[in-house]
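Trainee: Here you go, one structure.
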Amino acid sequence: MSRICAAPLLTIACLLAACSPSPDELRAALKQHPEILAEAIREHPTEVMEALQAAADSYQHLSQAKAARAEDERIERELATPRHPAIGAGRALRGAPGAPVTIVEYSDFQCPYCRRDASVLKAVLAKYPDQVRLVLKQAPLTIHAHAMEAARMFEAVLLQSQEKAWRYHDLLFQNQERLTAEGGAYLDAAARNVGADVARARRDAQTEVVGAIVDADLAEFEQFGFTGTPAFIVNGVVLDGAHPIEDFERVIARVLEGQSPPAGIARPDRGGDTTTGSP
């Protein structure tokens, strides 16, 4: 056994194989005989790297499992003490009106993360056509120059038609760069594109009615402690920031399993960015 005496090796072997060593025991043994580790790396580099990779994979798996348990526990807590966003008749709604799962989204038309999650939400609604509905609320951030105007124009178009409003929503996100570059001119062009009465939308966007809707959404957004967009409440459970579809599925599955009652909403009768998290 070149350059390494048998006794320390036997000690390490015992600790690793048979004795279920504690981290402190391993640390003490290797601190006393560091040459063992160096020798092992020199003589068996492949085996050592494979062992290290296996240990790293095991640690990652355990960490992910721990995080998943913590998220499941959080969901259970929030389902037990849900948040209750106010949802009135006439709000922008996609999906089955009587669905048991309600996703309330607080969005900003200039937020790139909201744009990214718009496709995620479409996938969620496609997967759960009878189980999920989406309600859109406005959270225009002051860091975006045209976000407030866009929010007001969306709500004004919504006064004309749900269908036109959602087409307007999709168009603004699809052409977000134009909204940023052209501002109000593009808002008018997009409204015209979806068949809205632009002059009426412009008048309605300046009314106290539309202003009160946007102001109330912003106040609720802040009341729930959100600071960035997008933000979501799924049957009372918070998903803060942009999320992949799997995160929505996790909450939806739990809600459907327990049939947690959805937030109340009347059938419509009209028609995840942050101050720090988005440019």
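The values are calculated or read from the model by the stated rules, or taken from the named source; none is laboratory data. The model shown is predicted, which means the values in this text are computed figures rather than measured ones. Here Cβ is always computed from backbone atoms with ideal geometry, including for glycine, and neighbour counts include all displayed protein chains.
Trainee: Go over the candidates E220, E163, E155, E177 one by one and state the one that is outside any loop (DSSP other than H, G, I, E, B), of a type outside the set (K, R), closer than 17 Å to G241 by Cα and at pLDDT 95 or above.
Mentor: On the way: E163 fails: closer than 17 Å to G241 by Cα; E155 fails: closer than 17 Å to G241 by Cα; E177 fails: closer than 17 Å to G241 by Cα.
Checking each option against the conditions leaves just E220.
Trainee: Tell me yes or no: at least one residue of the stretch 33-53 is at pLDDT 60 or above, surrounded by 10 or more Cβ atoms within 10 Å (Cβ to Cβ), of a type in the set (G, A, S) and not in a helix (DSSP H, G or I).
Mentor: The answer is no, given that none of the residues of the stretch 33-53 is at pLDDT 60 or above, surrounded by 10 or more Cβ atoms within 10 Å (Cβ to Cβ), of a type in the set (G, A, S) and not in a helix (DSSP H, G or I).
Trainee: Can I ask one more? With surrounded by fewer than 21 Cβ atoms within 10 Å (Cβ to Cβ), among the polar types (S, T, N, Q) and within 20 Å of the chain's Cα centre (by Cα) as the only criterion, which of S119, S107 stands out? Break it down into steps so the answer makes sense when it comes.
Mentor: On the way: S107 fails: surrounded by fewer than 21 Cβ atoms within 10 Å (Cβ to Cβ).
Only one candidate passes the filter, namely S119.
Trainee: Within the stretch 203-223, can you find the residues that are crowded, with 16+ Cβ neighbours inside 10 Å and farther than 17 Å from A150 by Cβ? Outline the logic, then answer.
Mentor: As a first pass, look at the stretch 203-223 and keep what is crowded, with 16+ Cβ neighbours inside 10 Å: 204-205, 210, 213-214, 217-218, 220-221.
Of everything in the stretch 203-223, just one residue is crowded, with 16+ Cβ neighbours inside 10 Å and farther than 17 Å from A150 by Cβ, namely E220.
Trainee: List the pairs whose first member sits in the stretch 119-143 and is in a loop (DSSP other than H, G, I, E, B), whose second member is at pLDDT 95 or above and among the polar types (S, T, N, Q), and whose Cβ atoms are under 6 Å apart, counting only residues at least 6 apart or on separate chains?
Mentor: Going by the 6 Å Cβ cut-off, the qualifying pairs are A139/T229.
Trainee: Being outside any helix (DSSP H, G or I) and of a type in the set (A, V, I, L, M, F, W, C) is the filter here, so list the residues in the stretch 86-118 that pass it.
Mentor: Pass one, the stretch 86-118, residues outside any helix (DSSP H, G or I): 86-111.
Hits for the stretch 86-118 are A86, I87, A89, A92, L93, A96, A99, V101, I103, V104, F109, C111.
Trainee: Among the residues of the stretch 86-97, write down those that are out of contact with any Pro (no Cβ under 9 Å at 6 or more places or on another chain) and either modelled with pLDDT of 95 or more or charged (D, E, K, R) (or both).
Mentor: Initially, the stretch 86-97 is screened for residues out of contact with any Pro (no Cβ under 9 Å at 6 or more places or on another chain), giving 86-88, 94.
Hits for the stretch 86-97 are A86, I87, R94.
Here is a yes/no grid of residues against (1) closer than 21 Å to Y113 by Cα; (2) touching a His at 6+ places or on another chain (Cβ under 8 Å); (3) among the hydrophobic types (A, V, I, L, M, F, W, C):
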position	(1), (2), (3)
A145	yes, no, yes
M148	yes, no, yes
V157	no, no, yes
E182	yes, no, no
Y186	yes, no, no
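Trainee: Please work out if A150 is part of a helix (DSSP H, G or I), under 19 Å from L218 (Cβ atoms), of a type in the set (G, A, S) and in contact with a strand residue (DSSP E or B) (Cβ under 6 Å, 6 or more places away or on another chain). Before the answer, list the steps.
Mentor: Working: part of a helix (DSSP H, G or I): yes; under 19 Å from L218 (Cβ atoms): yes; of a type in the set (G, A, S): yes; in contact with a strand residue (DSSP E or B) (Cβ under 6 Å, 6 or more places away or on another chain): no.
So A150 does not fit the description; no.
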